[in-house]
Structure formats: structure tokens, C-alpha cells
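K.L.:
Sharing a structure, written as C-alpha cells. Questions coming.
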Amino acid sequence: MTIIIKPTYACNLRCHYCYLRNETKRSQIMMSVDFAENIIHQVKEYITKRKQKKVSFIWHGGEPLLWGMGNYARIFSYMENELIGIEYSNSVQTNLSLMTEGYIELFLKHDVHVGFSMDGMKSINDIQRVFPNGNGTFNVVMKHFTQCKNRGLDLGCIVVATNNTKNKVAELYGFLSDNNLSFKFNPLFLSGEAQENEDKLGITPDEYA
């Protein structure tokens, strides 16, 4: 069983194809840790009754690192006590721009897998994945990727296929391979901000194939 928990829809980026609207990403609403603990408790009760022994938790967003290191430290400690006898795992799907040594230490301590989003080379990534001021995210993400990799953090990458990538697949694969990155190559889905940029970024099923 996989449980996706979104502690916030807030995000510090303004990627042009995001499945959320920019207005939603300006939200300051955060899930309380008590509420998150209640989710974990309910999941435990559900899988225990069905005699399941395995569950995966994905912390998603928005940008989940905005929830705060203290909140994650508390919820991971809670899970260690609450889920005794259950095989479980945690992963965080982040844009990696807010990664710190503190987060790395926490994720290593609790064996948390880190998935992050980057669309390959700077020439592609920085016209799609940007900060609110329009600056590209490539340099920041690569800096933090190297930081995580050097510490031995378990990493995986999601690359979104758009009109900008369809003719550069070989180059893109070379970049990811050179950086020893396991990755998923996902098609662009037209929701949120992607609907506003369909003419520039949209890709057909045949083009994706």
C-alpha cells in the first residue's frame, strides 16, 4: 500500500507546467503534526485489520520541505513507535532547492528516500523550472544534488517530457547517465499552470511515445 501525504500546497518555485495553479502555491496553510500523526494511526489500524505488513509513505506537495525539519523529525519519531511490527518506508518528493545538511542528516537517520524533479540539462530545465523571479533552478538543484550524493542519500529523479525535450532525448539520457541518476520520464499532464502553457510545452501521446 502507498499513502501520499501532502503537508502543504505551498511552493517556492513557479514551474511553468505545475499541476497546481500559482495561486494555490502561495498558500501558507500547513498540516499540523497532530493531524499527520492521526493519519499514520489510521493507516496502522487499517493495515493491521487486513493483516498487511507493508506500507509506503510519500511526502508530497507543493514543496514538502516547507513543512519544516522539526515537523518531519517529530513525525518520523512517531512512526518508529507507532508502526512497530509493520514494514514501512518514507520518501519525500521535493524540488531539492531547500535541501540542507540538517535535512540530509534527518533523512539518513530515518532511511528516507529522496525523489526530486529536474528536467535534465540547464538549457531545458531553466526555461521550465523557475523561481518566482523567473531565474532558473538548475544551478541550485545541482549543488544540492551533489551535496546529497556525496553524503550517500538515496536519490531518484523525475523528468517531465515536454515539447522542449522531445527532440533531445539522447542528449537528455546522456546527461542523466553521466550523473548516475535513476529517473522516471513522465509525460506532461495538462492541469494547473500547464493548461496556461500548453502551446509552448504541450506534448502529444505520439510525441511522448
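The values are calculated or read from the model by the stated rules, or taken from the named source; none is laboratory data. Since this is a predicted model, take the numbers as computed values, not measurements. Note: ideal-geometry Cβ built from the backbone for every residue, glycine included; neighbour counts use all protein chains shown. Protein only, heavy atoms only, side chains kept; ligands, DNA and RNA dropped before computing areas. Shrake-Rupley method; radii C 1.70, N 1.55, O 1.52, S 1.80 Å.
K.L.:
Restricting to segment 1-54, count the residues that are of a type in the set (Phe, Trp, Tyr) and at pLDDT 95 or above.
P.N.:
Total satisfying the criteria: 2.
K.L.:
Would you confirm whether or not segment 170-181 contains a residue that is in a helix (DSSP H, G or I), surrounded by 15 or more Cβ atoms within 10 Å (Cβ to Cβ) and touching a strand residue (DSSP E or B) at 6+ places or on another chain (Cβ under 6 Å)?
P.N.:
Yes, segment 170-181 contains a residue that is in a helix (DSSP H, G or I), surrounded by 15 or more Cβ atoms within 10 Å (Cβ to Cβ) and touching a strand residue (DSSP E or B) at 6+ places or on another chain (Cβ under 6 Å).
K.L.:
Just the residues that are open to solvent by 40 Å² or more (accessible area, probe 1.4 Å) and under 17 Å from Thr100 (Cβ atoms), please, taken from segment 38-73.
P.N.:
Leu66, Met69, Gly70, Asn71
K.L.:
For segment 118-162, give me the residue count where each residue is of a type in the set (A, V, I, L, M, F, W, C), more than 14 Å from the chain's Cα centre (by Cα), assigned to a helix (DSSP H, G or I) and buried (at least 18 other Cβ atoms within 10 Å of the Cβ).
P.N.:
3
K.L.:
Okay, moving on. Report, by residue number, each residue of segment 118-152 that is of a type in the set (S, T, N, Q), over 18 Å from Val169 (Cβ atoms) and in contact with a Cys (Cβ under 9 Å, 6 or more places away or on another chain).
P.N.:
The answer is Thr137, and nothing else.
K.L.:
Now a separate question. Report, by residue number, each residue of segment 74-92 that is closer than 18 Å to Pro7 by Cα, open to solvent by 40 Å² or more (accessible area, probe 1.4 Å) and not charged (D, E, K, R).
P.N.:
Our first condition is that a residue be closer than 18 Å to Pro7 by Cα; within segment 74-92, this holds for 74-79, 89-92.
With the extra rule that they be open to solvent by 40 Å² or more (accessible area, probe 1.4 Å), the set shrinks to 74, 77-78, 89.
Ser77, Tyr78, Ser89, listed by residue number.
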